[in-house]
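Asks: I am attaching a structure below and will ask some questions about it afterwards.
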Amino acid sequence: MRFILIGNYVPDKQQSMERFANMLATGLSKEGHTATIWRPVVFFGKLFRSTTTGPGKWMGYIDKWILFPVILHIRMLHKKYHSANIHFHICDHSNSYYLKPLPVHRTVITCHDVLAIRGALGYEDACVSASKTGRILQNWILNNLTNAHKLAAVSWTTYQQLCALDNIHPKDHSKNWMVIYNAFNANFWPLPKEEAGALLRKAGIDPVHPYLLHVGSGLPRKNRKLLIDMLMVLGSRWNGTICFAGEPLEKELITYAGTLGLKHRIASVVSPDHITLVALYSTCAAFVFPSLSEGFGWPVIEAQACGAPVIASSLNPLPEVSGGSALHADPVSPTDFADAFLSLQNKKTREELIGKGFENARRFNVSRMTHAYLNLHLS
């Protein structure tokens, strides 16, 4: 069979979605199928440095929402794409509008989350704000998304939230919607101490001193501030540092740490390359992920695959993804997170949690995910 995957607009630099598309294409190819990725053509967007802010954002919209749908319509006029042996896959639910020119019964959409949609509709627990135009865009995405005949949500939490937005009960769904967990979109493994130490020193992290690790952006829902509050609660009971990996630290967060006298105990590794990220996971005292809202939560299983004990938010889907192999705490309670971390000072508790993490991480393999998508396409 031939699969045509609809990827994202490259200038938007949506790295996780790019990795997902490539991962699915590789998985399908390993199963003996042909997989091609179609992406929106960059025409007006190439005139600007950024397509996520300012005038470049609107030029990107023209490329994505006007030019590319026209291109899809033209391509679909060709008889070869009418073959029942050709299937289409929209890799990112934000591109649900592309379903219109595609054969609905031969097209699957992967829904990674409905956070922006729920935020635009006023759900405060989504922890995502939206401008007036953003609300219009997200309603448009939802209206197209709910027209999908075949859809995979990456967690039960995302599935249930989407069904609620579609005003149906999950058990009564007449469409072919299901849950297919994400797989790892890159390799993660426990890096030997010496090799990891060299990489950490290069990144400006002293491998001798213990550190808590957070991986992610500075979005409010990622809840970076809780780690600083957690460090304050720990006080003299633990003398390590915090490493934030991902986007640069917000000025407000640095200032806040300074008011608590903790600025010297905070480090940042901006946009680490993959091997450095593996090193960070492999040597941290614990991976702390107090997110207020997620669609799946890749960092939880990435950390576990590297042998890090995980302390994550008690809000789903994180307990769903961890399957009981992580410690979970109230994401608005730094005391609960501190207590969870202190429990890891018990060597047996720590080793048992790490072992459960390795076992849990094995659930999320590419082959299992690919077979599930093949079954959905052929249903």
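Asks: Anything in the stretch 284-313 that is farther than 22 Å from residue 111 by Cα and either small (Gly, Ala, Ser) or touching a Lys or Arg at 6+ places or on another chain (Cβ under 7 Å) (or both)? List them, or say none.
Replies: 285, 286, 303, 305, 307, 308, 309, 312
Asks: Same structure, new question: Taking residue 131 and the conditions (1) under 28 Å from residue 317 (Cα atoms); (2) surrounded by fewer than 17 Cβ atoms within 10 Å (Cβ to Cβ); (3) at pLDDT 95 or above, which numbered condition does it fall short on, given that it satisfies the others?
Replies: Only one criterion is unmet by residue 131, namely (3).
Asks: Which of the residues belonging to the stretch 230-241 are surrounded by fewer than 21 Cβ atoms within 10 Å (Cβ to Cβ) and either in a helix (DSSP H, G or I) or in contact with a helix residue (DSSP H, G or I) (Cβ under 8 Å, 6 or more places away or on another chain) (or both)? Reasoning before the result, please.
Replies: If we filter the stretch 230-241 for residues that are surrounded by fewer than 21 Cβ atoms within 10 Å (Cβ to Cβ), which is where we start, we get 232-241.
Of everything in the stretch 230-241, those that are surrounded by fewer than 21 Cβ atoms within 10 Å (Cβ to Cβ) and either in a helix (DSSP H, G or I) or in contact with a helix residue (DSSP H, G or I) (Cβ under 8 Å, 6 or more places away or on another chain) (or both) turn out to be 232, 233, 234, 235, 236, 237, 238, 240, 241.
Asks: Do we have any residue at all in the stretch 104-118 that's open to solvent by 40 Å² or more (accessible area, probe 1.4 Å), free of Cβ contacts under 8 Å to residues at least 12 places away in the same chain, more than 16 Å from residue 37 (Cα to Cα) and in a helix (DSSP H, G or I)?
Replies: no
Asks: Which of (1) open to solvent by 40 Å² or more (accessible area, probe 1.4 Å); (2) in a helix (DSSP H, G or I) is the odd one out, the single condition residue 77 does not satisfy?
Replies: Condition not satisfied by residue 77: (2).
Asks: Can you give me the number of residues within the stretch 190-216 that are out of contact with any helix residue (DSSP H, G or I) (no Cβ under 7 Å at 6 or more places or on another chain) and either hydrophobic (A, V, I, L, M, F, W, C) or under 15 Å from residue 254 (Cα atoms) (or both)?
Replies: Number satisfying all stated conditions: 3.
Asks: How do the pairs read when you match residues in the stretch 239-266 that are under 15 Å from residue 215 (Cα atoms) with residues anywhere that are open to solvent by 70 Å² or more (accessible area, probe 1.4 Å) and not in a loop (DSSP other than H, G, I, E, B), using Cβ under 6 Å and keeping only pairs 6 or more apart or on different chains?
Replies: 248/270
Asks: Picking from 71, 37, 86, which residue would you name as being more than 25 Å from the chain's Cα centre (by Cα), modelled with pLDDT of 95 or more, under 22 Å from residue 151 (Cβ atoms) and surrounded by fewer than 19 Cβ atoms within 10 Å (Cβ to Cβ)?
Replies: Exactly one of 71, 37, 86 is more than 25 Å from the chain's Cα centre (by Cα), modelled with pLDDT of 95 or more, under 22 Å from residue 151 (Cβ atoms) and surrounded by fewer than 19 Cβ atoms within 10 Å (Cβ to Cβ), namely 86.
Asks: Any residue in the stretch 276-296 that's more than 26 Å from residue 199 (Cβ to Cβ): show its pairings with residues that are among the polar types (S, T, N, Q) at Cβ separation under 6 Å, as long as the two are six or more apart or on different chains.
Replies: These pairs meet every condition: 292/223; 295/158; 296/155; 296/182.
Asks: Mind checking which pairs have a first residue in the stretch 22-41 that is among the β-branched types (Val, Ile, Thr) and a second that is open to solvent by 10 Å² or more (accessible area, probe 1.4 Å), Cβ under 7 Å, 6 or more apart or different chains?
Replies: Short answer, once both residue conditions are applied: 34/2; 37/25; 41/67; 41/71.
Asks: Restricting the first residue to the stretch 353-379 and requiring it to be over 24 Å from residue 287 (Cα atoms), which pairs with a second residue that is acidic (Asp, Glu) meet a Cβ separation below 9 Å and a spacing of at least six or different chains?
Replies: These pairs meet every condition: 367/31; 370/31; 371/31; 374/31.
Asks: Please determine whether any residue of the stretch 181-192 is farther than 22 Å from residue 322 by Cβ, at pLDDT 95 or above and open to solvent by 20 Å² or more (accessible area, probe 1.4 Å). It would help to see each step written out before you state the result.
Replies: Taking the stretch 181-192 as the starting set, the residues that turn out to be farther than 22 Å from residue 322 by Cβ are 192.
Subset that is at pLDDT 95 or above: 192.
Among the residues that remain, those that are also open to solvent by 20 Å² or more (accessible area, probe 1.4 Å) are: 192.
Among the residues of the stretch 181-192, at least one is farther than 22 Å from residue 322 by Cβ, at pLDDT 95 or above and open to solvent by 20 Å² or more (accessible area, probe 1.4 Å), which makes the answer yes.
The values are calculated or read from the model by the stated rules, or taken from the named source; none is laboratory data. Because the structure is predicted, anything quoted here is derived from the model rather than measured. Backbone-built Cβ (ideal geometry, glycine too); neighbour counts: all protein chains shown. The area values use the complete protein model at the heavy-atom level, side chains included, leaving out ligands, DNA and RNA. Shrake-Rupley method; radii C 1.70, N 1.55, O 1.52, S 1.80 Å.
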